[in-house]
There are 2 protein chains.
Amino acid sequence: MINFAQHIPTTIHFGKGQVRAIEVELKKRAKKTLIVTGGGSVKRNGVFDAVIREVKKANIPYTELSGIEPNPRLKSVYKGIDLCRKESVDSILAVGGGSVIDAAKAIAAGVKYDGDVWDFFTKDISPNGALPIGTVLTLSATGSEMNGNTVITKEDTKRKLAIGSPFLKPTFSILDPEYTYTVNRYHTAAGVVDIMVHVFEQYFSKTTASDVQDRLAEGLLKVCLKYGPIVCEKPRDYDARANIMWTGSLALNGVVGDGKKEDWATHAIEHELSAIYDISHGAGLAIVSPNWMKNVLSKETVGRFVDYGINVWGIAKSKDNMAIANESIDKTREFFRLLGMPATLKEVNISDEYFERMAKDAIRDWGQIGYFKKLSTNDIVNILKLSL
Amino acid sequence: MINFAQHIPTTIHFGKGQVRAIEVELKKRAKKTLIVTGGGSVKRNGVFDAVIREVKKANIPYTELSGIEPNPRLKSVYKGIDLCRKESVDSILAVGGGSVIDAAKAIAAGVKYDGDVWDFFTKDISPNGALPIGTVLTLSATGSEMNGNTVITKEDTKRKLAIGSPFLKPTFSILDPEYTYTVNRYHTAAGVVDIMVHVFEQYFSKTTASDVQDRLAEGLLKVCLKYGPIVCEKPRDYDARANIMWTGSLALNGVVGDGKKEDWATHAIEHELSAIYDISHGAGLAIVSPNWMKNVLSKETVGRFVDYGINVWGIAKSKDNMAIANESIDKTREFFRLLGMPATLKEVNISDEYFERMAKDAIRDWGQIGYFKKLSTNDIVNILKLSL
């Protein structure tokens, strides 16, 4: 285990009807709030109305920014910053999935910064403050509701970049599993994949003696194996939605990664894909992740795959190590396919046209790709070719 | 899973040399601090000197309260409250194990209350504030470094009572595994038992579909099975000390219990024992816990023991459910004995003299004993008799 500092300040209100906590939370810190939403599903399924009722109970005036895109765009962030300044907003309430929350975070930091908010993503400048952010989560996937990360895409240059800052950790998040009932099968499945790959990025690590983090990671993965197929088949199964929702938050709030050197190669590669092609992040991960595993599996790394195979997939200990490792990778791919996710780039109409460019861009944007195994441009191209 | 609110605001500084974080943390919120310590071990092993160096670097004046007892006494809490008021202290730094931290918490809340601090433990009055508390942990056991609980004993009436309050959650905690190197084998083992029984109190529950919490709980227990014997045999094994230390904090910070109806019968019974006999809390738990398991095991509860036996102890699934359950209980008892803990009350010179009184006192103090199975006075007496 390596040294770490951990601070998880977000208050979680988990369960049916927890939207009622908004009243007290807003009263603590808001005089005027910006409500950020996405493409309109929260208006169709009643979540938005429930939120507005609570905001009104708190007697907090609000203004609204709707239409945040699935891979949230910088131009929407600019729009939100302008709105906050014009309307003297002092807090933000994001109602939606990870994209809406990520946009809200970038807006919250941008309002407090005199320069261009894109500086945080491209220069060595960190947010020096942010408006307080509350979230009402409607899609289990990114974990953004309980961490300080945000991913924004600049549309003209097709760059999708991530930052993290303690100022961007939400002050509170409402996690009502019923609010995810109307998410369709495809996005539900993509969310489960995103959650699992978040765990992989932290689990597959060279850090030794991180047993606490590793056993917790395996526990979260086992929950995904049990409930992933159920949330896809039975969208209104409360227990399944609840377990996936809570797993999504814990998968990326620090509990399974703090104390370890994390990897994040799969995300780096997928970000290049979805910056150019605008495919769903979870679908991209489902395609890339098993091929990343194949690329990094070696005599040196096989031990971690053996843990994964035995403790998560229940593969018999008696088998040969390499056999366990390969079986665990095959089972991962099969599981993603069972959820209804694509397994190849062809299925999402992506050719090898930009492979070289994406590999180079990934290394340019992230500095180093991979810490479990450091990937070269060649490695990345090979992973993409395996994914065809 | 049941509805819950979770807020874990404590900043953790984990690892070798993290004592250096004290300087920044104190500067954030302290003008004068009270340093609380126990029986003197921190002065012999250098931890106290290291802390003082950082307090001096922060340029924060301090006063000192030493001599907090292993089961911290109300009279020490009174002494600390007087000292804080006399010296105009605005923050508390606890340097020690759970007892020192618990005393610091009661002092922190007592300073902000005009009445008798014991009211919080005996009347329907909750703390309405507390001085900010920092901790430097030197013994892995109670988890007090990352939660809002405190347990105080009133010496004349032999009452050992617990309270919890959000105001009592430490603002920061320094967890340096090296600071636990000099803890002797007995107290190290008692700490491991305490950690494991904390997990049991949350794991053995009637709440259904709490898979996230349950898989995390099993993960923490597996870490204890691996590293418990090592910390006892090799007190200076960093990896073992680190894993046990972090497990101890996570075992009782809400991550494995929030969303579940918890039990706490074993603790209720042990508190009565250690209020009268002043035995080590961990030793009392090691004796009572397996006998509590025997008492609550039934056709209705066997499923949870089957999970425990298979997922934690690796018992073969193919066996009969009751056989798995009984084997898991036997293995628990054997494991505590392997660590060097007593398995019977006789070994710690406790007879059946006060069994009836302890059973009645437990029910008086806690209202209801047990939620996995609600225990009657008879059940408690029977558990104690089984423990003889």
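The values are calculated or read from the model by the stated rules, or taken from the named source; none is laboratory data. Because the structure is a prediction, the values reported are computed rather than measured. Positions of Cβ are generated from backbone atoms using ideal geometry, with glycine treated the same way; all protein chains shown enter the neighbour counts.
Worth pointing out:
- Some residue of the range B:93-109 being of a type in the set (Gly, Ala, Ser) and without any contact (Cβ under 8 Å) to a residue 40 or more places away in the chain: no
- Residues located in the range A:358-388, provided they are in contact (Cβ under 8 Å) with a residue 12 or more places away in the chain and basic (Lys, Arg): A:Lys360, A:Lys373, A:Lys385
- Selection from the range A:208-260 of residues that are at the interface with chain B (Cβ under 7 Å from one of its Cβ atoms), touching a strand residue (DSSP E or B) at 6+ places or on another chain (Cβ under 7 Å) and not hydrophobic (A, V, I, L, M, F, W, C): A:Gly259
- Meets criteria (surrounded by 24 or more Cβ atoms within 10 Å (Cβ to Cβ), under 18 Å from the mean Cα position of the chain (by Cα), assigned by TED's automatic domain parsing to the domain that holds A:Asp194 and closer than 30 Å to B:Pro9 by Cα) for A:Leu273: no
- Whichever residue in the range A:225-239 is more than 19 Å from the chain's Cα centre (by Cα) and within 19 Å of B:Leu216 (Cβ to Cβ) and, among such residues, is surrounded by the fewest Cβ atoms within 10 Å (Cβ to Cβ): A:Lys226
- Selection status of B:Ala209, surrounded by fewer than 22 Cβ atoms within 10 Å (Cβ to Cβ), assigned to a loop (DSSP other than H, G, I, E, B) and touching a helix residue (DSSP H, G or I) at 6+ places or on another chain (Cβ under 9 Å): yes
- The range A:243-283, residues that are at pLDDT below 95, of a type in the set (Val, Ile, Thr) and not in a helix (DSSP H, G or I): A:Ile279
- Here A:Glu201 meets each of (1) in contact with a Pro (Cβ under 8 Å, 6 or more places away or on another chain); (2) crowded, with 24+ Cβ neighbours inside 10 Å with one exception, condition (1).
- In summary, strands (runs of 3 or more DSSP E) completely within the range A:1-97 and bearing 2 or more residues that are within 14 Å of chain B (Cβ to nearest Cβ) and either basic (Lys, Arg) or closer than 17 Å to A:Leu131 by Cα (or both) occur at A:4-14.
- Within the range A:337-355, residues that are of a type in the set (Val, Ile, Thr) sit with their Cβ atoms under 8 Å from residues that are assigned to a loop (DSSP other than H, G, I, E, B), at 6+ positions apart or across chains, in these pairs: A:Thr344/A:Ser387; A:Thr344/A:Leu388; A:Val348/A:Ile279; A:Val348/A:Pro342; A:Ile350/A:Ile279.
- A:Asp278 vs. criteria buried (at least 22 other Cβ atoms within 10 Å of the Cβ), touching a residue at least 24 places away in the same chain (Cβ under 8 Å) and either under 18 Å from the mean Cα position of the chain (by Cα) or under 28 Å from A:Ser173 (Cβ atoms) (or both): no
- Some residue of the range A:123-142 being outside any helix (DSSP H, G or I), surrounded by fewer than 20 Cβ atoms within 10 Å (Cβ to Cβ) and under 19 Å from the mean Cα position of the chain (by Cα): no
- Positions within the range A:182-198 being surrounded by 17 or more Cβ atoms within 10 Å (Cβ to Cβ) and closer than 14 Å to A:His281 by Cβ, in sequence order: A:His187, A:Thr188, A:Ala189, A:Ala190, A:Gly191, A:Val192, A:Val193, A:Asp194, A:Ile195, A:Met196, A:Val197, A:His198
Here is a yes/no grid of residues against (1) buried (at least 16 other Cβ atoms within 10 Å of the Cβ); (2) farther than 30 Å from B:Lys234 by Cβ; (3) of a type outside the set (D, E, K, R):
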{"residue": "B:Val306", "(1), (2), (3)": "yes, yes, yes"}
{"residue": "B:Asn311", "(1), (2), (3)": "yes, no, yes"}
{"residue": "B:Ile315", "(1), (2), (3)": "yes, no, yes"}
{"residue": "B:Asp320", "(1), (2), (3)": "no, yes, no"}
{"residue": "B:Glu327", "(1), (2), (3)": "yes, no, no"}
{"residue": "B:Asp330", "(1), (2), (3)": "no, no, no"}
{"residue": "B:Leu339", "(1), (2), (3)": "yes, no, yes"}
{"residue": "B:Glu347", "(1), (2), (3)": "no, no, no"}
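- Taking the range A:22-53 as the range and being buried (at least 21 other Cβ atoms within 10 Å of the Cβ) and of a type outside the set (Ser, Thr, Tyr) as the test, the residues that pass are A:Ile22, A:Glu25, A:Leu26, A:Ala30, A:Leu34, A:Ile35, A:Val36, A:Gly38, A:Val42, A:Val47, A:Phe48, A:Val51.
- Checking the stated criteria, A:Glu300 turns out not to satisfy the condition of being over 20 Å from A:Lys222 (Cα atoms), surrounded by 17 or more Cβ atoms within 10 Å (Cβ to Cβ) and either modelled with pLDDT under 95 or among the acidic types (Asp, Glu) (or both).
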